[in-house]
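The values are calculated or read from the model by the stated rules, or taken from the named source; none is laboratory data. Computed from a predicted structure; not experimentally measured. As a convention, Cβ positions derive from the backbone with ideal geometry for all residues, glycine included, and neighbour counts pool all protein chains shown.
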Amino acid sequence: MNTLARWARAEWGQLYVTVREPLLERGWRAIPTAIPMSVGAVCLTAALHFVHNQSWGYQFVQNAGAVRAEDPLGPALLRTPLSLFVPALDLPAWGALAQILLVFGIAEICLGRWRTLALAYTATLAGTLYARVGIWLGPDHPLGLPGSDAHVVDTGPSAAVVGLAVFVGRRYGAYVTAGAVITAMVVEVAVKENLAGKEHLAAILGVLVLCGVSALRHRRSRVRAGPTSGLPPIQS
């Protein structure tokens with residue numbers, strides 16, 4: 001048990017402290033004010049899911065937030081931000097809502113709301129653009145997709161959730177967790193080869209590129225700061 005506890009502390013300790021401190025400062029009952037963007041995202045997703053399941057609202061959600069590779073690129077890009085919050089109709093909505101609240105909430109505390117939104121959009125956009133490239137490559141290419149996938153709606157919030165989980169995991173030293181998410185997505189594609197799984201992998205790849213850029217910037221900042229930046233100030 002001690003070994004497991006030490007592993008859990010090493011894996012999630014930094015992330016736990018980062019998330020716990022602001023929540024304790026405000027109180028657990030103040031979670032909506034601590035993560036307002038994430039709570040808003042959950043409410044928007046729930047509202048869109050409700051409207052999407054109504055005969056009078058289905059076409060509205062499709063026109064406003066459903067993205068397919070067959071769509072012209074301009075309108076598709078305009079719909080992409082809203083597509084972050086349109087859950088798949090064939091999956092339980094509560095699962096999408098729980099994922100958004102947990103992953104978006106942790107990311108919002110750790111990264112800030114605007115960086116969280118930017119990363120979520122980047123992950124979703126990576127999947128959306130991959131679908132177009134994959135269909136252009138064709139089914140005979142290792143990275144290609146069949147033409148029928150052009151009619152399939154993009155993944156919705158799941159690509160953003162996967163991308164944020166990988167970025168936060170790598171940023172806060174939860175490498176096993178980030179690796180487990182990546183492995184699960186690879187297994188998903190291997191077991192059930194579909195557009196959603198491959199878009200998840202594209203989202204992860206896009207986020208890993210951002211991880212590399214972020215690590216490079218931090219390394220350059222440390223080099224510019226010099227070797228003495230970590231020393232305590234000299235007392236006069």
Failed condition for L125, given (1) within 20 Å of V189 (Cβ to Cβ); (2) of a type in the set (A, V, I, L, M, F, W, C); (3) outside any helix (DSSP H, G or I), with all others met?
(3)
Every residue in segment 1-24 that is under 12 Å from Y175 (Cα atoms), of a type in the set (A, V, I, L, M, F, W, C) and under 21 Å from the mean Cα position of the chain (by Cα), please.
W12, L15
Looking at segment 25-70, which of its residues are charged (D, E, K, R) and at pLDDT below 90?
E25, R26, R29
Could you run through segment 44-69 and say how many residues are exposed (fewer than 14 other Cβ atoms within 10 Å of the Cβ) and either in a loop (DSSP other than H, G, I, E, B) or hydrophobic (A, V, I, L, M, F, W, C) (or both)?
7
Going through segment 141-183 one residue at a time, which ones are without any contact (Cβ under 8 Å) to a residue 24 or more places away in the chain, of a type in the set (V, I, T) and buried (at least 17 other Cβ atoms within 10 Å of the Cβ)?
V181, I182
Residues of segment 85-102 satisfying the condition of being in a loop (DSSP other than H, G, I, E, B) and modelled with pLDDT under 90
V86, P87, A88, L89, D90, L91, P92
